[in-house]
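First the structure, in the form of C-alpha cells, and then the observations on it.
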Amino acid sequence: MALLFLWDSGRSGQFMNASDIAALKKQALGEAQAAGTADALEQVRIKYLGRKGLLPGIMTGLKDADPAERPAMGRLANELKQELAARLAARRGELQAGSAGDGAGAFDPTLPGRWRGLGARHPISRVIEETIRIFDTLGFSVADGPDIETEYHNFDALNTPDDHPSRDTQDTFWLEAGRLLRTQTSPVQIRVMESQPPPVRIIAPGRCYRRDTTDATHSANFHQIEGLYVDRRVSLADLKGDITYFAQRLMGADVKVRFRPHFFPFTEPSVEYDFSCHVCGGKGCRVCKQSGWIEISGAGMVNPKVFRKVGYDPDAVTGYAFGMGVERIAMIRYGIQDIRLLYDNDRRFLESLSL
Ligand code: PHE
C-alpha cells in the first residue's frame, strides 16, 4: 500500500526500485485476469495505462531514479506495459466469448443442479440377490443355463413322459428344431450334473416362459430360482430345514413354511411348499385368497431316474431339488397385489415400495 500511495500521489518514484516494479506488474496482471466484465477490465486499463495512470507515473519518475538502475527499471516498466496490454486484450476476448451465448463460457455456477433421480434395484433383482446371499451361507454357488433349451434338458432328462401335459403346445413356447423357451429352471440341474461329478450345491436363478394368459398372478414370462443339493445321505429333512432357514432369513423369523405332498416327474417324493402370508400374518386376506398361505413352488428328492440320465449312481448319492417363484416371493415380501406391476416399470410404483 505504501508503494501505491507513492505512485497514486503522483509524486516522483524516488523510492521506487526494480522489485517495486515487479510487484506492481504482478498486481496489474492479477487484476486484469480477475476482471469479470468489460467495464471492470476498462477500469484496470485506466488505472495502470491511462494518461494519469500508474505506468506513465513511473515513466516520469524514472528520471529521478538512481542512474545506475535507470536502464533496468526502464526495461521493466516497458515489459509491464506490454504484458499488461496483452493480458487486457486476451481477457477482453475471453469475456466476449463468454457472453456470445455459444455455451462455452456461459456456465453459470449459481444455477441449481438438475436432479436426475437415483435408481434403485428392481424387487425381482433384490429377491434374487438376497436369495443368492442366503444360500451362499449354506455353501451354495450360482449356476446358469440358457433360456432357449433343448427338449431333452427341459423334459426328457427330467423324466417327463412324452404325453405329459406340460409338453403341450398350449403350455410351452416351442421354437424350431425341437428347441423351446424353458418352462422352468430345472434343466439347469441337468446341465450342472452333466458337467461335474457329485457333490453339487447350486442355485440357478433365471427367466422361465409359459403360455399363460396374463392376469394378476400369472405372467407368460417369470422368474424361478432352482436349487440342487447332491451328496451322500442328503434327506428330505435337509430340504425342509434349508427351505425353512431360507424363508426365515428372507421374510423374518415368524414366517411359517408348510410342505404338501405333490407330484413332479423328476423328484420322488415331491412336495409343494407355501410360506405363511406376509400381508395378513396367516389370518387370511385378499393376497393369500383367505387361505393364510402363499404357494412358493415345488421341491423334492431327486428321482433316481434323473441321476441315471446324468451318469450319477443313485445308490451312492441322494439329493434334493427345489424351485422358487421369484415373483411370488417379491409379491408377499413387498405386499404387491398384481404381478403385472412388476413389469410395467412405472417409477411411481417402484419408488413406493417400502424397501
Ligand atoms: N420345476 C418345477 C416347476 O416349475 C419346480 C420344481 C423344481 C419341483 C425342483 C421340484 C424340484 O414347477
What's the number of the only condition in (1) hydrophobic (A, V, I, L, M, F, W, C); (2) surrounded by fewer than 18 Cβ atoms within 10 Å (Cβ to Cβ); (3) under 24 Å from the mean Cα position of the chain (by Cα) that I329 fails to meet?
(2)
Quick check on my filter: what residues within segment 114-145 are surrounded by 14 or more Cβ atoms within 10 Å (Cβ to Cβ) and not aliphatic (A, V, I, L, M)?
H122, P123, S125, R126, E130, T131, F135, F140, G145
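Residue-wise test of (1) farther than 13 Å from L24 by Cβ; (2) within 60 Å of the chain's Cα centre (by Cα); (3) exposed (fewer than 15 other Cβ atoms within 10 Å of the Cβ).
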residue: V44; (1), (2), (3): no, yes, no
residue: D64; (1), (2), (3): yes, no, yes
residue: P67; (1), (2), (3): yes, no, yes
residue: R70; (1), (2), (3): yes, no, yes
residue: A77; (1), (2), (3): no, no, no
Taking segment 309-355 as the search range and keeping residues that are farther than 21 Å from I225 by Cα and small (G, A, S), which one is modelled with the lowest pLDDT?
S354
Within segment 157-192, which residues are among the acidic types (D, E) and either free of Cβ contacts under 8 Å to residues at least 24 places away in the same chain or open to solvent by less than 40 Å² (accessible area, probe 1.4 Å) (or both)?
D162, D163, D168, E176
The correct count of residues that are assigned to a helix (DSSP H, G or I) and among the aliphatic types (A, V, I, L, M) in segment 316-335 is 5
Strands (runs of 3 or more DSSP E) lying entirely in segment 182-291 (those with 1 or more residues that are polar (S, T, N, Q), more than 28 Å from F155 (Cβ to Cβ) and more than 13 Å from the ligand (Cβ to nearest atom)):
267-276
Could you count how many residues in segment 310-324 are crowded, with 19+ Cβ neighbours inside 10 Å and of a type outside the set (A, V, I, L, M, F, W, C)?
5
Number of the exception - V306 against (1) closer than 26 Å to I134 by Cα; (2) modelled with pLDDT of 95 or more; (3) surrounded by 21 or more Cβ atoms within 10 Å (Cβ to Cβ)
(1)
Only one of A253, A216 that is closer than 22 Å to Y334 by Cβ, among the small types (G, A, S) and open to solvent by 70 Å² or more (accessible area, probe 1.4 Å)
A253
Quick check, is G74 within 14 Å of M16 (Cβ to Cβ), out of contact with any Gly (no Cβ under 6 Å at 6 or more places or on another chain) and touching a residue at least 12 places away in the same chain (Cβ under 8 Å)?
yes
Residue within segment 337-351 that is under 33 Å from the mean Cα position of the chain (by Cα), buried (at least 21 other Cβ atoms within 10 Å of the Cβ) and either within 16 Å of the ligand (Cβ to nearest atom) or not aromatic (F, W, Y) (or both) present
yes
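The values are calculated or read from the model by the stated rules, or taken from the named source; none is laboratory data. Computed from a prediction, not measured in an experiment: that's the story for all the values here. Every residue, glycine as well, gets a Cβ built from its backbone with ideal geometry; the counts of neighbours run over all protein chains shown. With ligands, DNA and RNA removed, areas are computed over all heavy atoms of the protein, side chains included. Shrake-Rupley method; radii C 1.70, N 1.55, O 1.52, S 1.80 Å.
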